[in-house]
Amino acid sequence: MTDSLQLTLVDEDGSLRRIPLAEAPAFARPTAPLRSRVVYAAVHVVPQVHGDNTPGAPADIDWDATLAFRRTMWSRGLGVADAMDTAQRNMGLDPAATRELISRTADAARDALADPEISAVFPADAAVSDLVVAGVNTDQRSEQSLSLDEIVEAYLEQLRATEATGAGAVLMASRHLARTATSAEEFEDVYRRVLEQATAPVILHWLGTVFDPQLGGYFGSDDPAAAADVLLRIIEADPAKIRGVKMSLLDDAAEIAVRERLPEGVRMLTGDDFHFSHLIVGDGTATTEPGAEQVRGEYSDALLGAFAATAPAASAAVQALDAGDPEEARRILDASEVLGRHVFSAPTFHYKTGVAFLAWLNGHQQAFTMVGGMHAARSLPHLSRTIELAATTGNLEDPQLAAERWHAMLRLAGFDAPEGSTR
């Protein structure tokens with residue numbers, strides 16, 4: 001701890017306080033592929049600072065910064081989950097920008113595999129789909145209501161386009177399907193028809209209403225157990241077409257119940273930003289002793305928006321599992337989960353603001369801006385608590401830079417924050 005380095009914070013009542021600011025933790029970059037878990041970070045997009053980032057305007061993306069952020073994930077041995085809700089899908093990222101994002105990220109992944117430093121932290125036979133998976137939805141259709149046949153065709157249009165880039169596909173929950181389907185059988189029929197056309201195994205995404213209120217009754221029921229039965233029937237109809245399931249219900253018991261019933265070879269990728277620590281570490285039988293083969297145990301792999309904000313820690317935790325040290329992995333992930341619970345606090349669908357805020361603090365984008373003006377979706381005290389937790393959980397990559405940027409933001413808001421140096 002460097003006692004002279006201070007962080008000024010603003011509380012809910014507008015009062016200021018200061019805390020000591022610790023040095024960044026020494027999270028080592030991997031030098032070999034991560035073996036114990038498959039991990040994808042669901043990443044955000046960075047808009048042009050000078051762009052028209054107002055609600056309803058087409059997304060004007062800073063491609064250099066956006067793709068550079070993805071390379072930071074790969075350099076840590078993490079895959080990237082792109083064009084999903086963290087990238088503001090259905091909250092500012094329009095269909096044209098979505099298509100371009102998937103194509104550009106897949107091309108960047110192809111280039112990364114030719115880079116010795118990045119290829120060294122992925123398996124020798126890694127493909128583009130190991131570095132990037134991308135959301136497939138029906139949101140290119142602007143109509144509120146579509147027939148089931150139209151929903152299938154909209155899914156297939158995006159699936160074909162995504163597969164053509166080399167990216168893996170994540171079959172996302174469709175608002176159109178949530179509005180149109182009247183029974184579990186109709187959900188099963190739509191998924192069956194789409195999966196029949198997939199040329200490679202896909203990841204299914206079960207997104208809860210805490211993330212998107214328009215997805216009520218998905219898979220035919222508001223009861224998670226009944227909906228899980230439908231999801232499992234979809235998977236069991238052709239398990240070879242399913243690479244994994246991403247569950248984002250913020251309900252760890254529901255995830256474990258589904259995980260226990262998955263067919264052999266189908267992964268559970270947790271999307272639970274409240275409980276990911278124990279879900280990923282699992283029951284203790286899945287660690288890998290140095291030099292030994294992986295032992296499959298009861299655990300979840302990961303596809304998490306929280307890991308876009310905590311990539312160094314996420315990578316370090318899997319490295320600890322690889323080294324046979326689940327206690328260290330749990331310590332690292334428990335700390336990150338504290339930060340995740342705040343970033344994803346209600347209204348949960350505004351968590352993207354915290355992800356972009358932390359990317360700015362950590363030097364991954366020039367300004368704290370978001371597509372559609374969503375950087376204004378959280379209060380100053382909420383952001384203050386975000387940087388406080390990032391600091392105390394070891395998730396500020398350059399604490400002095402983060403403090404300087406945050407203090408400048410406070411001064412702009414009229415608060416008494418240190419000028420220049422934080423010392």
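The values are calculated or read from the model by the stated rules, or taken from the named source; none is laboratory data. Remember, predicted model here, so these are calculated numbers, not experimental data. Here the Cβ is made from the backbone with ideal geometry for all residues, glycine too, and neighbour counts use every protein chain on show. Surface areas here come from the heavy atoms of the whole protein model, side chains and all, with no ligands, DNA or RNA. Shrake-Rupley method; radii C 1.70, N 1.55, O 1.52, S 1.80 Å.
A simple packing score, the average count of other Cβ atoms within 10 Å per residue, orders the peptides 191-203, 139-151, 299-311, 380-392 as 299-311, 380-392, 191-203, 139-151, with the highest score first. If you take the square roots of the eigenvalues of the alpha-carbon gyration tensor of the range 71-223 and sort them as a ≥ b ≥ c, do you get rounded (a/c under 1.5), prolate (a/b over b/c) or oblate? In terms of gyration-tensor shape, prolate.
Ser75 contributes about 30 Å² of solvent-accessible surface, heavy atoms of the protein only, 1.4 Å probe. For the chain, the solvent-accessible area with a 1.4 angstrom probe is 38 square angstrom per residue. In plain terms, the chain from Asp223 to Gln400 could stretch by 59.0 nm, reckoned as 0.36 nm per residue minus the Cα-Cα distance. First check a/c for the range 1-56, with a ≥ b ≥ c the square roots of the eigenvalues of its C-alpha gyration tensor; if it is under 1.5, answer rounded, and if not, answer prolate when a/b is larger than b/c or oblate otherwise. Judged from the Cα gyration tensor, the range 1-56 comes out oblate (a/c at least 1.5, b/c at or above a/b). Approximating the spin labels as points 7 Å out from Cα along Cα→Cβ, the Ala253-to-Leu16 distance works out to 4.6 nm. Helix 311-322 and the longest principal axis of the Cα set of the chain meet at an angle near 70°.
If I take R0 = 25 Å and measure r between the Cβ atoms of Ala28 and Ala68 in this structure, what FRET efficiency does the formula 1/(1 + (r/R0)^6) give, to the nearest 0.05? Efficiency at R0 = 25 Å is approximately 0.75.
Only beta bridges with both residues in the chain are counted; by DSSP, about 20 percent of them are antiparallel. Given a 1.4 Å probe and every protein chain left where it sits, what share in percent of the accessible area of the chain is carbon and sulfur? Whole-percent figure for carbon plus sulfur exposure: 51. For P(r) over Cα pairs in 20 Å bins from 0, in percent, computed directly from the structure shown, the correct entry in (1) 27, 59, 14, 0; (2) 22, 34, 21, 17, 6, 0; (3) 23, 50, 22, 5, 0 is (1). Once the C-beta distance of Glu143 and Arg341 is scaled by a Förster radius of 30 Å, the resulting FRET efficiency is 0.20 to the nearest 0.05.
Using 1/(1 + (r/R0)^6) with R0 = 35 angstrom and r between the beta carbons of Glu196 and Ala376, what's the FRET efficiency to the nearest 0.05? So, using R0 = 35 Å, E works out to roughly 0.20. Couplings 3J(HN,Hα) of the range 401-407, computed from phi: 4, 4, 5, 4, 5, 5, 5 Hz, in residue order, whole Hz [Karplus 6.51 cos²θ - 1.76 cosθ + 1.60, θ = phi - 60°; x for Gly and Pro]. Just to confirm the number: angle between the C-alpha axis of helix 224-237 and the first principal axis of the chain, 0 to 90 degrees, nearest 10? Here the helix axis deviates by roughly 60 degrees.
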